[in-house]
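Quick notes on the structure that follows.
Derivation of every value follows stated rules applied to the coordinates shown; laboratory data play no part. Keep in mind that this is a model prediction, so the values were computed, not measured.
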Amino acid sequence: MTKKLFFLSLFLVLIQPFSYCQKAPSKHLSVSVLQNINFGAFSQGSAAGSVVLMPDGTRSATGGVILVTMGYSYYPAIFEVSANPNTVIDIINGPDATLTSNNGGAMILHIFRPEPNRYHFLR
């Protein structure tokens, strides 16, 4: 038994210079807003509906919403995420938010996840 323990200890000591472990991950992660979201101009029709902004900048409407092109720009929000290379990022959406205007109007902001269960790797 002591002979086996000796050889096991010797093996562990000799293999130590060749064994590698993963570097401890850095806790550095930062998110910066590069561009705020802007829905452009639209009008509520006779029924409820939605304004959809896609990541590529295209805009569409559903239901009774009427898109208006009165020279107002529309664009998606853009965020810059910085972290160590090969950091796995999973974007989790929060709950819906109610956006209110100064004239008493309100709408619900719902962020959908177009690519469910897809993780992003920083390179």
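Want the number for ILE92 to MET54: 0.36 nm per residue separation, take away the alpha-carbon distance, what's left? Please list the in-between numbers first.
Numbers: separation 38, 0.36 × 38 = 13.68 nm, distance 1.72 nm.
Full extension of this stretch gives 12.0 nm more.
The tail of the calculated P(r) for region 27-121, taken as Cα-Cα distances beyond 21 Å, holds 44 percent of the pairs.
Fully extended, how many nm does the chain gain between SER82 and ASN103 (0.36 nm per residue separation, minus their Cα-Cα distance)?
Working: separation 21, 0.36 × 21 = 7.56 nm, distance 3.80 nm.
Net length gain for the segment: 3.8 nm.
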